[in-house]
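Read through the structure below, which is laid out as structure tokens, and then see the notes.
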Amino acid sequence: MRWVVIALLASCGRVDFDAGSHTYAYVVDGYSAMTTKTSLRIFELASDGSLTEAAVSPFELGEQPLYVRASDDGSRLFVVTWQAHLDVLAIDGAGALAMVGQQPVGGSPQMVSVHPNGHWIYVPAYGSAEIDGFDLAAGGQLTALPGSPYVLSPDAFDWLEVHPNGRWAYAVDDGPELVQALAIDQSTGALSNLGVSTWFTADSDPHAAWIDATGRYGYIANDLSSGVPAFTIDASGAMSTTPGSKFGYAANTCIYAAMNRARTRFYLGDDGSGLNALVAYRIDAATGALTAIPGSPYPTDNVMWFVGATPVSDDVYTTTTHTRPAIRHFVVDDTQVAEREDYDFPGLDAASVLAIAHPP
């Protein structure tokens with residue numbers, strides 16, 4: 001069996017989890033003033049991606065979680081809280097969590113970004129217009145990177161996406177609607193301006209950014225506008241608008257997005273067009289163009305908040321926070337979007353962000 005901690009894909013040629021493996025989903029139950037809950041709900045993923053609540057759920061954090069992210073190797077869960085902390089939690093083979101590290105961060109932290117080396121961790125703090133950087137020790141302890149916190153612009157960033165090459169990072173600011181390119185010192189992890197032009201998204205309230213498997217194309221989760229803004233990254237790290245951008249249909253999307261484990265598909269939750277749909281695209285590796293997967297957009301009956309994908313299969317999960325808190329399970333491949341299950345777990349008041357971990 002697998003375990004999932006949710007904080008955030010019907011057989012259609014799906015890829016299942018490895019036999020005997022464990023995968024966990026970690027869910028943040030509540031958002032902002034909607035709740036004062038200080039725990040994470042933990043769910044187990046079966047081999048077909050179905051969810052059951054784990055015996056070790058919930059985990060009491062002691063603070064209000066805002067965003068969660070699992071390490072690529074599945075051994076750690078990173079949590080930023082409304083109380084402006086970055087927490088590091090160890091994940092064991094049963095999905096249980098244990099606090100192993102904590103550091104304060106700037107005001108209104110937004111998310112957690114992890115360098116491909118697995119031990120440089122970055123937290124953009126919107127309220128203090130800074131990015132906090134940390135080195136993660138093997139035991140989970142955090143030490144500030146040289147020069148951290150980084151104030152690299154008069155703008156405050158919502159999101160930081162580290163390029164697959166580990167040399168660059170891309171910071172999103174929803175105010176002036178731009179993406180700024182940053183350089184990562186390969187010896188220390190310190191951030192600085194890359195020295196290339198910022199890229200303006202031509203979007204109202206851009207939030208999250210994701211970069212595809214080739215490292216050439218990036219995509220924006222647009223909160224208040226239509227179509228997906230896309231940028232092309234050249235050999236210097238500079239950005240330009242991808243031909244054909246914006247992609248997709250006219251819809252307001254949630255502030256989060258996701259990619260499949262191979263970074264060849266891009267997922268959004270549409271929370272503003274009335275469809276309340278899961279939106280899924282194939283990425284053209286040659287051109288960066290997005291093409292809707294058959295069945296997308298897939299409409300539902302409730303406002304979506306978050307979308308997340310597993311690191312080991314074609315399963316995708318969305319959360320809803322308003323009239324009927326729920327977690328929806330889909331299977332998405334290159335040929336179709338299919339809904340598998342709609343879960344209303346008892347006591348789940350406002351499911352928001354989730355993270356999925358596949359421990360070693």
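The values are calculated or read from the model by the stated rules, or taken from the named source; none is laboratory data. Owing to the predicted nature of the structure, the values given are computational and were not obtained by experimental measurement. FYI the Cβ positions are ideal-geometry reconstructions off the backbone, even for glycines, and counts take in every protein chain you see.
Quick look at the values:
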item: Total residues in region 274-283, condition closer than 14 Å to Val228 by Cα and either over 19 Å from the mean Cα position of the chain (by Cα) or in a loop (DSSP other than H, G, I, E, B) (or both); result: 0
item: Unmet criterion (only one of (1) more than 19 Å from the chain's Cα centre (by Cα); (2) more than 23 Å from Asn117 (Cα to Cα)) for Asp174; result: (1)
item: Index of the failed condition, Val172 passing every other in (1) surrounded by fewer than 21 Cβ atoms within 10 Å (Cβ to Cβ); (2) at negative phi; result: (1)
item: Among (1) of a type in the set (Asp, Glu); (2) at pLDDT below 85; (3) assigned to a strand (DSSP E or B) - the single one Asp301 does not satisfy; result: (3)
item: Odd one out for Ile356, checked against (1) at positive phi; (2) in contact with a Ser or Thr (Cβ under 6 Å, 6 or more places away or on another chain); result: (1)
item: Qualifying positions in region 61-79 - among the charged types (D, E, K, R) and at pLDDT below 95; result: Glu63, Asp72, Asp73
item: Residue within region 225-236 that is modelled with pLDDT of 90 or more, surrounded by 17 or more Cβ atoms within 10 Å (Cβ to Cβ), of a type in the set (S, T, N, Q) and part of a strand (DSSP E or B) present; result: yes
item: Lone unmet requirement of (1) at positive phi; (2) modelled with pLDDT of 90 or more for Gly248; result: (2)
item: Check on Phe157, crowded, with 20+ Cβ neighbours inside 10 Å and either touching a helix residue (DSSP H, G or I) at 6+ places or on another chain (Cβ under 8 Å) or at positive phi (or both); result: yes
